[in-house]
Each structure stands twice: as C-alpha cells, then as structure tokens.
C-alpha cells in the first residue's frame, strides 16, 4: 500500500484543526455556536500569523475565510428558514394536520403509513422541524385516544422526515451546502431534482421499514407529552391583603379547600421560612408552597382568595394577565428551545411572551421554590412550565414556533394569510425546480413577498434565523476552503484511495458514503458535508472519474442522521417528547442507516454507470 507523502505544515495544521472541530462539535456541554466561532477565529489568526502562499503563487488572505457569511448556500438556508416560519406562523399546515387526525379514526395502520409518507414528502421542500412539530401533537393525541403506545409512532415519524429531506437540493441545509460547495469547486450546478430518483426509491424502502418493523424494535416508553395522569406542579399561593386567608390558621385554610391542600412550607413576607404547623397563623404577604395539579391549584386560589405567585409579581385583577380570555397551558422545554439553560428572569419571559409562569414540573423531582424562586430556576430539557395568559398570547406563542405548547384550549388558527404563504412557498420551489433562478434568489424573493403580504413581520423573520446554523455553516465553509487551498483535501483523498487500493469505484463510493454516515452521527451533518465535499471531488480526480456521484454520496451520507439523538435537532425533539433513550435510537437508527446505505450503494453505481 503506497501512502501519499506528508503534506506541508499549513495543510497539517488545517487537518489538526478539522479534528479539533469534530471533537468540539460532538461535546454537548459546549455550545455549537461557541465551538464554531472558536474554530473560525483560530483559523483566521493562524493564517495571519503564518502567511501561506499557494502553489500558484497566490497569497491566501485570512479574511477570505469570512466569505461564508455571504455565501450563496447560507443565504438560501436563512431565506428558507424564514419562509418555512411563514408557513408555521400563518397556520398553513394546520388543515393537513386536522385531516390527518380524522383519518386515524378510520384505520390507524394505514393512517400511520400516510403520516410517514406525508412527513417525508413535505420535508423534501420544507425544513423538517416545523413538520415534526406539526405531527407530534397529532400522534400523541392518537395514542391517548386509542390506548396505543406513542413509542412506535414518534421516532418513525421523525426519521421519515429525515429520509424525505435528502431527496431534493433544498430538503435540508446539508443538501444546499454540498451543492453550493461543489459548484464553487467547478462542478456543474446540481439541480433540485437531479438525485431525486435514487433518494425516492430508497425512501420508499425506508418508510416500509419505519411502518412495519421499527415499531416492533421499540420498547414502550412513557412519553413526556402522553402522561394522562394529572401532572403535579410546585407553586406558591400569595396571600393578599383583606383576603379570606388573612389571620386564619393553616388548619382553617386546609379545611376551606376541602382538606385537599397540602402546604409544604410557609414563607413570611420578610423571607423567613415558617413550619407548616396546623395552628400557624397566616398573614397578608405570606406565600404557601403547594404541590398539586393545575386544576387544584386554581381551585385553591379561588377558595382562599389568594393568587398563584411567581417572582415578585402577584396575579390580581389589576395585573394585565388576569381577566377575560385567560387560559392555562403547558409548555415543554426542548433541546433547541431558547429557554434551555436560562432562567425565566434572564430571558425576561413575562415581557417577551406576555405569559405568566405559575409552576414548573420536572421529571424525577419536585422543585422547591423557597431558596430560589421560580423565575430563578435554570431550566432543563424536559421541564414543563404551567403558564397563564390570554388565549391570543398562547396562540401567538404556538405560531412563533419557539415554544412547544402541549395543552391549551386555543388552537392554532387557520389565518387568512395561510393560502398566501402556501402559494409563495410553492413559487419558491417551482422557480428553483425549473431552473428559472437559483434557490438563493427565489427564496429571498419569497421572503420579501411574505413580508409585503404580512405573512411575516421582521420580528418573526429574525426569530426564524438560527445563530447555531449560521455559525457552523460559516466555520465549516472556512475549513473546507482551507483544506482545499492548502492541499489537505488532496492528501485525505490520496490516503482514502490508497487504503481502498484495488477496490472498484463503486466500492470506494460506498465506503465514502458510509464514512460520512458515521461522521454525521457524531458531529454536525453540515460540518461533515462541507468537509467531505472537497475530499469527494479530490477522490474522483484521483480516479479520473466524474465527481458528481461522489459528491452525491457525501450528500446522502451526511443525511443519514439516524443512529444517535444528537445527530439532528429533530431527533432531540422526538427524544424529549417520546421519552426515548440513547439506545432506542441505536436500535432503530442503525438498521435504517444500513438499509439506506446499502440501497444507495446499489443504485448510485447503476445510475452513474460505475463498475
């Protein structure tokens, strides 16, 4: 086996930085945004301190690594995120959700198949996050009504959206990046449906697996959202001036609630903690710590003439959140939620959403709010907030897409802008699909139309953007460019060809795709795709073959984010909602990866006539 000679120092340094990036991206405790920016800064500083002259005699400017912020792929990704948010905010997908829910009453088995097909189809054109958020409550509601476990529904649905997303160039941000980076390197522009046929064939096989086999591999799990028993919350009842409870004993207050209320602590207005003895006298300004269901908490509030209390704010008739149209709702803190790792005070929850957090439920523990008030508790993934607010504010929180509202009497309305949003999104796809304009241009035009027609406001548009996606795309593009210009990609390609020496092009292509599939389940799929694309093109050049099938292999491999929950954000969303474990993803995701990999390994050589 003839290994290639070691590359020059700059290429080695970039390769080391790639390894460091992959390690950082796989660390849950470090924000991906932070890791991405750190890598970008190290890369640019390195080339400032140690200038590099390319073999062609050109000076590599470090500032060029920032060009990713204006890259066509990033523009397209951001525009499509905003346009997809327009569909969610206008409720354009809600009629589909309602009709799916009705079909479940007729035939659960066929309805499950139809749900998987629809989820896969929609994800070929729209970011799969809103699709998963649309389908999650439907499937959980079905499981509650039919008594079926939601475990066999939620993960297959999430995977179906991932399988469908790899079938077009706009299905995922990964696809857009691969296509754009390949075009930057001189490959002809891959069109929207150029790889649709192999993806669709494999998707059909994958959906059958997800429909018939995957549910059998999944043990019953207690879904976070499917707990039919009354949920217990920790809350504080504030005793108001001249209320019924003033100067009464605790025993009298308990008697007034029919003996149902259990007080674990009493907090004096001065902050002193009082033991909840039956003969303890209750004063105005006291706070009673009570653990109970939402309905009982509201009954206690009414019976005692008190109010549920959070922070330094007491809900009374003068508070803007009390009055006509008030509703109780539950919100789950997801992995991608802006609430995760924050306190309610830090995020300014009440002002931002115009909702009051009454209590918090956390699996496996009862939150004590004596030493730290509700607004000072650092929220974790899986925490459930009991909130109160006007039904319009709860509906707005659902439309914004930042928060997953589990239970509220206000449904997401089908607004008069829904059809407009659908037509604009269809226009984006049609214009790009027929090659009338690049997807970056059609998507930006679509966003402008959504703003002009008031499907979106600038506030909603800005919230649709993800700093995590932006920074990891920019950092990955910079690393890919550095690999290419320093010869690092060429070295990796030569090493890969040397390792697979004697193998047919079809086997080499299959091995490259498997390598990308493994990498995408450990680190970001965008990072795997951008780093893998120049390597794929270099491998094709080494073999003197058309680089397109090798680029497509990278694209497909980077989309196989099935084997771990951290591989893709919708996996984490489904994991949180369905109560799945890490091994559940391995149990179902590894066979799915093998099915998709083997199917594409057979189809791509046939389509591209590789032997």
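Restricting 501, 563, 540, 506 to those that are farther than 24 Å from residue 24 by Cβ and part of a loop (DSSP other than H, G, I, E, B) reduces the list to 501.
Candidates are the residues of region 27-47 that are closer than 18 Å to residue 519 by Cα and surrounded by fewer than 18 Cβ atoms within 10 Å (Cβ to Cβ); the one that is nearest to the chain's Cα centre (by Cα) is 28.
Per the conditions (1) outside any strand (DSSP E or B); (2) over 23 Å from residue 405 (Cβ atoms); (3) at pLDDT 80 or above, the sole criterion not satisfied by residue 318 is (3).
Select, from 79, 13, 83, the only residue that is farther than 16 Å from residue 466 by Cβ and part of a helix (DSSP H, G or I).
Working: 79 fails: farther than 16 Å from residue 466 by Cβ; 83 fails: farther than 16 Å from residue 466 by Cβ.
Answer to the check: 13.
Listed here are the residues, each with its yes/no results for (1) surrounded by 24 or more Cβ atoms within 10 Å (Cβ to Cβ); (2) assigned by TED's automatic domain parsing to the domain that holds residue 197; (3) over 25 Å from residue 150 (Cβ atoms).
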{"site": "530", "(1), (2), (3)": "yes, no, yes"}
{"site": "536", "(1), (2), (3)": "yes, no, yes"}
{"site": "539", "(1), (2), (3)": "yes, no, yes"}
{"site": "555", "(1), (2), (3)": "yes, no, yes"}
{"site": "586", "(1), (2), (3)": "no, no, no"}
{"site": "606", "(1), (2), (3)": "no, no, yes"}
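Please go through region 282-295 and give me each residue that is touching a helix residue (DSSP H, G or I) at 6+ places or on another chain (Cβ under 8 Å) and either in a loop (DSSP other than H, G, I, E, B) or not assigned by TED's automatic domain parsing to the domain that holds residue 359 (or both), ordered by number. If the condition is that a residue be touching a helix residue (DSSP H, G or I) at 6+ places or on another chain (Cβ under 8 Å) and either in a loop (DSSP other than H, G, I, E, B) or not assigned by TED's automatic domain parsing to the domain that holds residue 359 (or both), then 282 is the only one that fits. For region 560-591, the set of residues classified as modelled with pLDDT of 80 or more, under 22 Å from residue 529 (Cβ atoms) and in contact with a helix residue (DSSP H, G or I) (Cβ under 6 Å, 6 or more places away or on another chain) consists of 560, 561, 562, 563, 585, listed by residue number.
Scan region 118-135 for residues that are surrounded by fewer than 23 Cβ atoms within 10 Å (Cβ to Cβ), more than 12 Å from residue 96 (Cβ to Cβ) and at pLDDT 80 or above and jot them down. Listed by number, the list holds a single entry, 125.
Take residue 331 and tell me if it is in the same structural domain as residue 271 (by TED's automatic domain parsing), at pLDDT 65 or above, more than 25 Å from residue 81 (Cβ to Cβ) and surrounded by 17 or more Cβ atoms within 10 Å (Cβ to Cβ). When the stated conditions are applied, residue 331 does not pass them.
Do you know which of the residues in region 369-391 that are assigned to a loop (DSSP other than H, G, I, E, B) and closer than 15 Å to residue 308 by Cα is modelled with the highest pLDDT? The selected residue is 373. Among the candidates 269, 279, the residue that is touching a helix residue (DSSP H, G or I) at 6+ places or on another chain (Cβ under 8 Å) and farther than 22 Å from residue 296 by Cα is uniquely 279.
Only a single item in (1) under 30 Å from residue 441 (Cβ atoms); (2) at pLDDT 85 or above is not met by residue 49, and it is number (1).
The values are calculated or read from the model by the stated rules, or taken from the named source; none is laboratory data. As the structure is a computational prediction, the values presented were derived from the model and not from experiment. Neighbour counts are summed over all protein chains in view; Cβ atoms, including those assigned to glycine, are modelled from backbone coordinates with ideal geometry.
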